Amino acid sequence: MLLINIFGGITRCDEIAAGIVDAVKKLDPSCALVVRMEGTNKEKGLEILTQAADAVTVVDNVREGVRATVAKVEKA
Amino acid sequence: MSILIDQNSKVLVQGITGREGTFHAEQMLAYNTRVVGGVTPGKGGLSVHGVPVFNTVREAVEATGADTTVLFVPPLYTKQGLMEAIAAGVPQVITIAEHVPVHDMMNVMACARGTGCRVIGPNSFGVISPGKAKAGFMAHRIFSEGPVAVMSRSATNCYETVFMLTERGIGQSTCIGIGGDMIPGSTFTDFLPMFEADEQTKVIVLIGEIGGQEEEKAAAFIKAHISKPVVALIAGKNAPKERSMGHAGAIVAPDGTGSAENKETALRAAGVHIAESTMDIVEICARFLA
């Protein structure tokens, strides 16, 4: 289980998203991924993340992120 | 009102031809900030998003009357850029890059002190007065205009707080990135009297973290001089000693100096309301504004 929480200022969400997509493709991770992205280039980032839609659960804020993470851990 | 920056501020961007400088100059312009010029040595005469580029800060100031400069300059060139801005007489200098060498900042601050120049940063996200202008790299759409002042050593903790304040319908007067390096150019105590005097500000939020003594100094200042409610969050409660946590300046000394506990104790004794989380900051602010 991995929760990624990015609030982009100088960090750009699209660059983070590209990294996540790349990692999912190369590593085929066995753990579930929950990603919350907000801030600079959020829309571009979310669009890129759809390429890894099978592996990544996208959430809208920290509370949702924690809830989704806990739910997945309890299910596992 | 708000403090430090508004729609009348004339902002320079040092390093405007670099990747970050170009991108964030455009973002500042999109927020209606008066970005009057950029500086990159050797690139004078160019134009970036319609903003004229100058070779030196002095030329830029003479041509534009800039009163604030933001440095999108790598850490090892920051000293040079800061010295140039101070020598050119810019009254307010905001510096973005993280990990400026400690000795460089010692020199810079020694020079700045005699001139009255206000240095903000290094490792600052900048300054924003929502609805008016911004000088820095914060994602401006999460901010909204209103009565809460925020100053924070951590950019992310500030964004998260502002995001939830705005969601809750509570706007901000001015938000300042103090920065997380060892030697901050300006700190909480420098801005507290400005927020006390600012008519727009009704509640002051101070987001500190482990390391240094600035929160303790702020506590003493608040006790003596601040009548407005102050809400504080101290990050790093579970940090081990002698290890820097994320920021160079976020480190608890072997004797416990700089611990979250010390800071919270000092702030509580000064009548400051301690928040346990960013969500808690919002709840406490909402109570004061109800």
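The values are calculated or read from the model by the stated rules, or taken from the named source; none is laboratory data. The shown structure was predicted, so the numbers you read here are calculated from the model rather than taken from an experiment. Cβ placement follows ideal geometry from the backbone for every residue including glycine, while neighbour counts extend to all protein chains displayed.
Observations, loosely collected:
- A count restricted to region B:91-117 and to residues that are in contact with a helix residue (DSSP H, G or I) (Cβ under 6 Å, 6 or more places away or on another chain), away from chain A (no Cβ under 14 Å) and buried (at least 17 other Cβ atoms within 10 Å of the Cβ) stands at 6.
- The single condition among (1) within 14 Å of chain B (Cβ to nearest Cβ); (2) surrounded by fewer than 16 Cβ atoms within 10 Å (Cβ to Cβ) that residue A:50 does not meet is (1).
- Just one of the listed residues (B:187, B:156, B:174, B:166) is surrounded by fewer than 24 Cβ atoms within 10 Å (Cβ to Cβ) and in contact with a strand residue (DSSP E or B) (Cβ under 6 Å, 6 or more places away or on another chain), namely B:156.
- Boolean, residue B:22 is within 27 Å of residue B:150 (Cα to Cα), within 23 Å of the chain's Cα centre (by Cα) and part of a strand (DSSP E or B): no
- Residue count for region A:9-42 under the criterion of being within 14 Å of chain B (Cβ to nearest Cβ) and out of contact with any helix residue (DSSP H, G or I) (no Cβ under 7 Å at 6 or more places or on another chain): the result is 3.
- Residue check for residue B:196: within 14 Å of chain A (Cβ to nearest Cβ) and acidic (Asp, Glu): no
- Of all the residues in region B:166-217, those that are hydrophobic (A, V, I, L, M, F, W, C), over 21 Å from residue B:123 (Cβ atoms) and part of a loop (DSSP other than H, G, I, E, B) number 1.
- Taking region B:247-278 as the range and being at positive phi and surrounded by fewer than 15 Cβ atoms within 10 Å (Cβ to Cβ) as the test, the residues that pass are B:256, B:271.
- Failed item, numbered, when residue A:14 is tested on (1) at pLDDT below 95; (2) of a type in the set (Asp, Glu); (3) surrounded by 14 or more Cβ atoms within 10 Å (Cβ to Cβ): (1)
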